[in-house]
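> Please see the structure below; I have some questions.
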Amino acid sequence: MTFEEIRDKISKHLENGKSYGLVVPNKAYAKALLKGLIDGFDIQDLMIIEPDTNIGIDEVRTVIEFLEFAPKGEIKKVILYDADKMTQEAANAFLKTLEEPPSYAILILVTSRWFSLLPTIRSRLQKLQVQLPIEPELDEFERYLVYWNYDFLEQIKKKTYSILSEEELLEAIDEIDEIAQELDVIISLKHILEQYLNKDLATYVKFISQLSKKNNIKFLRIVAKVISWLIYKNSSLSPNLKIKYLRICDEILKAKIANFNYQLTYYTLLLGLRGDNL
């Protein structure tokens with residue numbers, strides 16, 4: 001299916017008075033798909049919730065209050081991103097609304113982690129699971145990156161990213177604000193780590209020491225994604241070690257609070273990539 005076909009299929013599936021769980025590879029892809037549903041839509045009839053951390057009861061109450069009043073037009077739409085970040089208290093307050101939304105409303109809860117949603121929430125949603133369209137011109141790692149963040153697609157296609165030197169990478173870590181900067185850091189980190197896999201341990205540890213000074217949760221998540229890929233592709237690691245380190249990476253990626261011992265985490269993952277121990 002093309003992107004347009006997937007988008008049109010979602011649009012045709014949606015009905016008034018229903019709650020949906022849109023399961024996507026990443027939030028950027030969901031935004032691209034849903035853009036057509038909200039472009040030109042009356043802002044008074046649209047609510048978008050996009051949490052920085054958790055979705056608490058205050059956000060849910062805001063949605064409930066928004067839905068108490070009839071729309072200015074024909075329908076109200078609520079889009080709630082990162083629905084898996086909903087707290088238990090918020091979920092409990094939301095159950096009745098999800099089960100019986102007003103006849104003039106459509107609720108869309110977006111997640112890339114369907115089974116991280118509470119069972120009571122899942123049972124009240126019509127699940128819409130969509131995959132990324134196939135991009136045959138991308139290599140395996142590039143497809144992995146687009147699966148991570150759909151916003152990378154055009155930059156990867158046009159090859160407009162930069163491969164940074166080690167020094168440039170260390171400087172860029174503290175300035176990861178734009179999508180372009182993030183992609184440069186990801187691809188450069190992969191390139192540098194692949195080189196270090198063949199260097200002596202002492203040299204590698206010096207590099208880890210420099211990285212371990214970066215108490216930056218966004219960069220730690222980038223490290224977890226790159227390490228996940230490299231561990232998956234590393235045929236010299238035993239299945240048990242792969243599972244061990246992939247679990248650590250997954251915990252970093254789904255953590256709701258950035259409460260990490262950064263230095264220990266960097267050393268554990270980066271040494272584990274080569275099968276070395278602390």
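> Out of all the residues in segment 145-158, is one or more surrounded by fewer than 18 Cβ atoms within 10 Å (Cβ to Cβ), within 15 Å of the chain's Cα centre (by Cα) and of a type in the set (Phe, Trp, Tyr)?
Within segment 145-158, one or more residues are surrounded by fewer than 18 Cβ atoms within 10 Å (Cβ to Cβ), within 15 Å of the chain's Cα centre (by Cα) and of a type in the set (Phe, Trp, Tyr).
> So is residue 36 under 27 Å from residue 136 (Cβ atoms) and either small (Gly, Ala, Ser) or surrounded by 13 or more Cβ atoms within 10 Å (Cβ to Cβ) (or both) or not?
On the way: under 27 Å from residue 136 (Cβ atoms): yes; either small (Gly, Ala, Ser) or surrounded by 13 or more Cβ atoms within 10 Å (Cβ to Cβ) (or both): yes.
Yes.
> Would you be able to tell me the number of residues in segment 191-229 that are over 27 Å from the mean Cα position of the chain (by Cα), over 15 Å from residue 173 (Cα atoms) and polar (S, T, N, Q)?
3
> Another question, then. How do the pairs read when you match residues in segment 225-236 that are on the phi < 0 side of the Ramachandran plot and in the same structural domain as residue 253 (by TED's automatic domain parsing) with residues anywhere that are outside any helix (DSSP H, G or I) and buried (at least 18 other Cβ atoms within 10 Å of the Cβ), using Cβ under 7 Å and keeping only pairs 6 or more apart or on different chains?
So the pair list comes out as 231/237.
> Another question about this same structure. Considering only segment 80-134, state which residues are in a loop (DSSP other than H, G, I, E, B) and within 23 Å of residue 146 (Cβ to Cβ).
Answer for segment 80-134, where residues must be in a loop (DSSP other than H, G, I, E, B) and within 23 Å of residue 146 (Cβ to Cβ): 81, 82, 112, 113, 130, 131, 132, 133, 134.
> Mind checking which residues of segment 148-186 are closer than 28 Å to residue 21 by Cα, at pLDDT 90 or above and in a helix (DSSP H, G or I)?
Listed by number, the residues that qualify are 150, 151, 152, 153, 154.
> Continuing with the same structure: Take the residues in segment 98-113 that are surrounded by fewer than 19 Cβ atoms within 10 Å (Cβ to Cβ) and at pLDDT 95 or above, then tell me which one is nearest to the chain's Cα centre (by Cα).
So in segment 98-113, the residues surrounded by fewer than 19 Cβ atoms within 10 Å (Cβ to Cβ) come out as 99-100, 102-104, 113.
Add one more test, that the residue is at pLDDT 95 or above, and what stays is 99-100, 102-104.
Working: 99: 27, 100: 29, 102: 30, 103: 31, 104: 30 Å.
This residue is 99.
> Another one. I need the full set of residues from segment 69-79 which are assigned to a loop (DSSP other than H, G, I, E, B), of a type outside the set (A, V, I, L, M, F, W, C) and in contact with a strand residue (DSSP E or B) (Cβ under 9 Å, 6 or more places away or on another chain), in order please.
Answer for segment 69-79, where residues must be assigned to a loop (DSSP other than H, G, I, E, B), of a type outside the set (A, V, I, L, M, F, W, C) and in contact with a strand residue (DSSP E or B) (Cβ under 9 Å, 6 or more places away or on another chain): just 71.
> Test of understanding: among 187, 134, 176, which residue is in contact with a helix residue (DSSP H, G or I) (Cβ under 6 Å, 6 or more places away or on another chain) and not acidic (Asp, Glu)?
Residue meeting the stated conditions: 176.
> I'd like to check something: does segment 140-147 contain any residue that is outside any loop (DSSP other than H, G, I, E, B), in contact with a helix residue (DSSP H, G or I) (Cβ under 7 Å, 6 or more places away or on another chain) and within 28 Å of residue 43 (Cα to Cα)?
no
The values are calculated or read from the model by the stated rules, or taken from the named source; none is laboratory data. Keep in mind the model is a prediction, meaning the values are calculated, not measured. Every residue, glycine among them, receives a Cβ derived from its backbone with ideal geometry; neighbour counts consider all protein chains shown.
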